Structure formats: structure tokens, C-alpha cells
1. Which of the residues that make up segment 78-122 are over 19 Å from residue 343 (Cβ atoms) and in contact with a strand residue (DSSP E or B) (Cβ under 7 Å, 6 or more places away or on another chain)?
2. Among the residues of segment 182-201, how many are assigned to a loop (DSSP other than H, G, I, E, B), within 16 Å of the ligand (Cβ to nearest atom) and in contact with a strand residue (DSSP E or B) (Cβ under 8 Å, 6 or more places away or on another chain)?
3. Out of (1) crowded, with 20+ Cβ neighbours inside 10 Å; (2) in contact (Cβ under 8 Å) with a residue 40 or more places away in the chain; (3) under 21 Å from residue 93 (Cα atoms), the odd one out for residue 147 is which?
4. Just a yes or no: is a residue in segment 143-152 away from the ligand (no atom under 12 Å from the Cβ) and modelled with pLDDT under 95?
5. Considering (1) within 16 Å of the ligand (Cβ to nearest atom); (2) in a helix (DSSP H, G or I); (3) touching a strand residue (DSSP E or B) at 6+ places or on another chain (Cβ under 6 Å), say which one residue 75 fails and leave the rest.
6. Given the residues 318, 225, 237, 243, which is the only one that is modelled with pLDDT under 95 and more than 15 Å from the ligand (Cβ to nearest atom)?
7. Which of (1) touching a residue at least 24 places away in the same chain (Cβ under 8 Å); (2) buried (at least 20 other Cβ atoms within 10 Å of the Cβ); (3) more than 23 Å from residue 287 (Cα to Cα); (4) more than 18 Å from the chain's Cα centre (by Cα) is the odd one out, the single condition residue 133 does not satisfy?
8. Do we have residue 284 as surrounded by 19 or more Cβ atoms within 10 Å (Cβ to Cβ) and either modelled with pLDDT of 95 or more or more than 16 Å from the ligand (Cβ to nearest atom) (or both) here?
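The values are calculated or read from the model by the stated rules, or taken from the named source; none is laboratory data. All values derive from a computational prediction rather than experimental measurement. Here the Cβ positions follow ideal geometry from the backbone for every residue, glycine too, while neighbour counts run over all protein chains shown.
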Ligand code: MRU
């Protein structure tokens, strides 16, 4: 562990690069993103001057994770408005850039509704653009606040479920500062636990094929000085059977009205393992991720990603992994087809609790989801 500590100190010393920010240089407003395809090798920013560039950034996962996609969507509408593009058309493009995370469409709608309200009330183009920008900023702030509340509720829940000890937490994908206006969802809870000295170990699933765990969660864990270890996704079973996991904490891209949870592919097998081994399986997500209009898990559209993400070795791509076909090292016979869903769906019965900024829902039932959502939808 000594080596890991030294490396953690080195990465902590480098300043935080904002994950997403709005800037107004003389040439016109831009949305600046930390390019997540290049982490951890390089901290490179991507400057989006128009909506097609932002749509491309969403598709390539340069900007990713449900809450951040919502924030980016709202800023995208503001960008289109401020740059004089067709706002309705831009909103349509942005909302469909990826299908599974409900936050994306919601963020776009919030920006668009603010723009329409202002324009419909007689505001000029610049004023309506300012209204969309104000809405994006509000969503950004709200997400940071929600993140802080989820961290509190999640840490208290773990304390209740596993009294008096330190925890070995297994997580999947990346759910930290890189996906949020604040500290994230599941990883925000882990950070809170770490701050109180209760984190014995964070088990980081590498998260095939685009390695959000290995590249991004490990990067965040190192910067936070957490004790963490990386495992291949298929090593999780032996970790559970060795009794090394006290809780699983994951995020969500969409939670249906029946409590089904869509999250990064590989989450469902963890839920099955957790149930078999009597380990709590906890989902942490803001209320904006709960979609009462999606009735059940089968109705959630799961994004299918290109085959090259599986047939090529992402680790061999280096910086920019996942961005373009043919950039990696082919590990299969030429022409191999691939099954590459980006997400899977975990039924409510396997979820111990859903933690939101409003508190903890457990057990997860359709009624509970309904109460959680009551009055919470905007736009
Ligand atoms: O394909 P990605 O990297 O956007 O997938 C992200 C996830 O699956 C996260 O777990 C989810 O968005 C929750 S993040 C708070």
C-alpha cells in the first residue's frame, strides 16, 4: 500500500480541473468540458462552440454520467440560444444524443422551457438566452446541493445497516465529481464515509468496456486519498465469496416507476451476487433520475454501443479510448460481432435501498417511488 499512498499524494497535489464550465470569451460563449475520454493520462479540456460539438462529446463519453448529462443538456440549450442557432432543433438533437439517462432529456427540457417562457413573454433573443443560461446554472447548483444531501443520507444509512465498523464498499462505473455539479452520487457517499475514517477499502470494478472504474473512479479515489483496489468485473464473485464486501454502492441512469434501476452494464450481476451473499445493494441517485413516466424496467431504452468498444482493447487505446473506431488494438478475429449494451436493469426486489437527496427509500416499491416523485417534476 505504501506505493499507492505516495501516488495518491502526488495526484492530490495537482489542482482540480472543473468538469464543466460556461465561458464567455470575445468570440462568443462556449461550454468547456474536462474530456473524460483522456483521463487519467491527460487532463485536457474540450471547448464546445456549438451544439453538434456537444452532441459529439456526449456520444463519445467525453461528458458522461446521468446528472452531468442533464447539466450539459441545459447548458447546451443556452449555448444554442446565445449563439443564435435554432433552439428547438438544438434541443431535439441534444435530448437524443444518448437514450438511457433520463437526466439528459430533463436538463434539455428545463433549458428549453426557460427559453420559451422568456421568449413567449416578449423577451428578445439575448434575454431569452440569458433565461436559459440562468436555468442551466440553477440546475448545476441544485445538483451540487442534492449531491451533498445524498452523501449525508447514504452515510447514515450505511451506519444503520452496518453499525460500528469500517466498511469495504464495492462500486461500479464512475459516480463521483466527474458526473456532477458536486461530489456525485454513490461516490459522494463513499467520500463522506472516507472523511469520517470509516472507509476500510473501496473496491473499484474496472467497468468494461470503457473502463470508467479503472480510468475515472480510480483517479478520483487516488485524488481523495482513499484506500482502493481495482478488480476486473468478473473478479467480483470471488470477492463476495471471500466475504470481502460489506456493501455495494452504485448510481443510476434511470429509475422506473416500479423501482427498476438502469445503470452501467454489470450492475445487475452485482445485485444478484449481493443478494446471494446477504450484502446490501444500495443505489444512490438524485430525484431527477427517477422517471415516473417509464413504467417498468422493460420499458427503459438501453443504449447499444459500437462493437469496436468490445473487439478492441480499450486499455490499448490510451488517451481518447472509446472515441473512434479503429484507434485501439484489435483482440478478436476480424469481423467479430459484439453484444455491447451500455446499461443493464436491476429489478427493485434486488435493491436494498434507493438514496436520494430527499432521504432513503427502503424497501423499494412502486408506492414509495410514487411518493418520492410527487410534486418533484419540473418542466
Ligand atoms: O456510460 P456512462 O459512463 O455515462 O454511464 C454512467 C453510469 O452508468 C453511472 O453509474 C450513472 O450515470 C450514475 S452517475 C451518477
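1. Within segment 78-122, the first condition is being over 19 Å from residue 343 (Cβ atoms), and the residues that meet it are 78-94, 108-122.
Once the filter is applied, which keeps residues that are over 19 Å from residue 343 (Cβ atoms) and in contact with a strand residue (DSSP E or B) (Cβ under 7 Å, 6 or more places away or on another chain), segment 78-122 yields only 79.
2. Going residue by residue through segment 182-201, those that are assigned to a loop (DSSP other than H, G, I, E, B) are 182-185, 196-198.
Filter once more, so that each one left must be within 16 Å of the ligand (Cβ to nearest atom): 182-185.
Next, only the ones that are in contact with a strand residue (DSSP E or B) (Cβ under 8 Å, 6 or more places away or on another chain) stay: 185.
Residues that pass the stated criteria total 1.
3. Answer for residue 147: the failing condition is (3).
4. Here is the first cut: in segment 143-152, the ones away from the ligand (no atom under 12 Å from the Cβ) are 144-145, 148-149, 151-152.
Of the ones still in play, those that are also modelled with pLDDT under 95 are none.
The answer is no, given that none of the residues of segment 143-152 is away from the ligand (no atom under 12 Å from the Cβ) and modelled with pLDDT under 95.
5. (1)
6. Working: 225 fails: modelled with pLDDT under 95; 237 fails: modelled with pLDDT under 95; 243 fails: modelled with pLDDT under 95.
Step by step, each of 318, 225, 237, 243 is checked, and only 318 is modelled with pLDDT under 95 and more than 15 Å from the ligand (Cβ to nearest atom).
7. If we test residue 133 against (1) touching a residue at least 24 places away in the same chain (Cβ under 8 Å); (2) buried (at least 20 other Cβ atoms within 10 Å of the Cβ); (3) more than 23 Å from residue 287 (Cα to Cα); (4) more than 18 Å from the chain's Cα centre (by Cα), just (3) comes out false.
8. Numbers: surrounded by 19 or more Cβ atoms within 10 Å (Cβ to Cβ): yes; either modelled with pLDDT of 95 or more or more than 16 Å from the ligand (Cβ to nearest atom) (or both): yes.
In short, yes.
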